[in-house]
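Student: One structure, as structure tokens, below. Some questions next.
The values are calculated or read from the model by the stated rules, or taken from the named source; none is laboratory data. None of these values were measured; they are calculated from a predicted model. No Cβ is skipped: glycine too gets one built from the backbone with ideal geometry, and neighbour counts run over all protein chains shown. Only protein heavy atoms, including side chains, enter the accessible area calculation; ligands, DNA and RNA are left aside. Shrake-Rupley method; radii C 1.70, N 1.55, O 1.52, S 1.80 Å.
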Amino acid sequence: MILEKFYEFGIKAGDKFILHSSLRSLGNVEGGADTVIDAMLKSVHPGGTVFVPVSTFGKPFNPAESTSEVGWITEVFRKRPGAIRSLHPSHSIAGIGPDAARILAGHEMTTPMGPGSPLIKLAAEGGYIMLIGATHEGNSTIHCAHELAQVPFLNTFRDMEVFDYDGNVRIARALIPGCSSGFDNVEPLLLEKNALRISKIGNAVTRWMKGQDVIDIALAAVKKNTVFLLCQKPDCEWCAHAREIMGILNTADKT
Ligand SMILES: [Zn+2]
């Protein structure tokens, strides 16, 4: 059933995509996370590569062992035979397929979603994004727009422990990508450009789009209005801080 739904989106052999998901949103799935992962792998077979985020958000990072903090499907996925995990200390990504190693390589040398990062490479190679039971709040590729636009409020970092395969520990510092609660602002723009398909798999609203469309459309919106992707939640300190920085810069411009 899930596989047929994937085919309805037009997924075919050789495709690449990243899935952001909530297993619970699907309702009762026989076989659970493994059924979803099997459908992912089958839908792009042969020659395709599939990815999921396996972020750890600043918890101590051991690539072989650290539990993914972004849902059960991603945790089961990273333990699948053949799965490769990127080495970014806070926002690692896992992939299975012939292009996984190449796309995930060097993530520890880049910012989480910046130039050279897996999500930017995936988008540039025609990769797709699927959101199952997730809104654009979970659509990490939208962070790429902030990074590519070099918005001035992307200026906070965190330190975390990183373990290597010999068990040695060091401290790594990584950029905090920031709040994604306003990312649904992109949805009407995607729909307007006919760049988003929305359907249902089981009980879950499912979205399907091209990574590069998301980056292009979100980046254009941010270039036009720097605070476009910020949220309106009254208690969001990150977005309040971002607006404050923009306010200071705008005032400085006028003097
Ligand atoms: Zn916010």
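Student: Might you check whether a residue that is modelled with pLDDT of 95 or more, surrounded by fewer than 14 Cβ atoms within 10 Å (Cβ to Cβ) and of a type in the set (A, V, I, L, M, F, W, C) occurs anywhere in segment 11-33?
Tutor: Yes, segment 11-33 has at least one match.
Student: To continue, here is another question. Give the residue that is farthest from LEU19 (Cα to Cα), with candidates limited to residues of segment 65-82 that are in a loop (DSSP other than H, G, I, E, B) and open to solvent by less than 30 Å² (accessible area, probe 1.4 Å).
Tutor: First, the residues of segment 65-82 that are in a loop (DSSP other than H, G, I, E, B): 65-71, 79-82.
Among the residues that remain, those that are also open to solvent by less than 30 Å² (accessible area, probe 1.4 Å) are: 66, 68.
Values: SER66: 19, SER68: 14 Å.
Filtering segment 65-82 for residues that are in a loop (DSSP other than H, G, I, E, B) and open to solvent by less than 30 Å² (accessible area, probe 1.4 Å), the one farthest from LEU19 (Cα to Cα) comes out as SER66.
Student: Looking for whichever is open to solvent by less than 30 Å² (accessible area, probe 1.4 Å), more than 16 Å from the ligand (Cβ to nearest atom) and β-branched (Val, Ile, Thr) here; the options are ILE217, ILE198, ILE248. Which one fits?
Tutor: Numbers: ILE198 fails: open to solvent by less than 30 Å² (accessible area, probe 1.4 Å); ILE248 fails: open to solvent by less than 30 Å² (accessible area, probe 1.4 Å).
That would be ILE217, the only listed residue that is open to solvent by less than 30 Å² (accessible area, probe 1.4 Å), more than 16 Å from the ligand (Cβ to nearest atom) and β-branched (Val, Ile, Thr).
Student: Another question, then. In this structure, does PRO152 turn out to be open to solvent by 50 Å² or more (accessible area, probe 1.4 Å) and in a helix (DSSP H, G or I)? Steps first, answer last, please.
Tutor: On the way: open to solvent by 50 Å² or more (accessible area, probe 1.4 Å): yes; in a helix (DSSP H, G or I): no.
Against the criterion (open to solvent by 50 Å² or more (accessible area, probe 1.4 Å) and in a helix (DSSP H, G or I)), PRO152 does not qualify.
Student: Sticking with this structure for a sec: Using beta carbons and a limit of 8 Å, which pairs, at least six apart or on different chains, have the first residue in segment 224-252 and within 14 Å of PRO152 (Cα to Cα) and outside any helix (DSSP H, G or I) and the second one open to solvent by 30 Å² or more (accessible area, probe 1.4 Å) and more than 9 Å from the ligand (Cβ to nearest atom)?
Tutor: Close Cβ pairs (under 8 Å, with a partner that is open to solvent by 30 Å² or more (accessible area, probe 1.4 Å) and more than 9 Å from the ligand (Cβ to nearest atom)) amount to THR226/ALA149; THR226/PRO152; VAL227/ARG243; PHE228/ASN185; LEU229/ASN185; LEU230/ARG243.
Student: A further question follows. Residue by residue through segment 83-104, note down the ones that are of a type outside the set (Asp, Glu), farther than 19 Å from SER21 by Cβ and out of contact with any Gly (no Cβ under 7 Å at 6 or more places or on another chain).
Tutor: Once the filter is applied, which keeps residues that are of a type outside the set (Asp, Glu), farther than 19 Å from SER21 by Cβ and out of contact with any Gly (no Cβ under 7 Å at 6 or more places or on another chain), segment 83-104 yields LEU87, HIS88, PRO89, ALA101, ARG102.
Student: From the residues in segment 84-96 that are of a type outside the set (S, T, N, Q) and open to solvent by less than 30 Å² (accessible area, probe 1.4 Å), which one is nearest to ALA39 (Cα to Cα)?
Tutor: Narrowing segment 84-96 to residues of a type outside the set (S, T, N, Q): 84-85, 87-89, 91, 93-96.
Among the residues that remain, those that are also open to solvent by less than 30 Å² (accessible area, probe 1.4 Å) are: 88-89, 91, 93-96.
On the way: HIS88: 27, PRO89: 29, HIS91: 24, ILE93: 19, ALA94: 16, GLY95: 14, ILE96: 13 Å.
The qualifying residue nearest to ALA39 (Cα to Cα) is ILE96.
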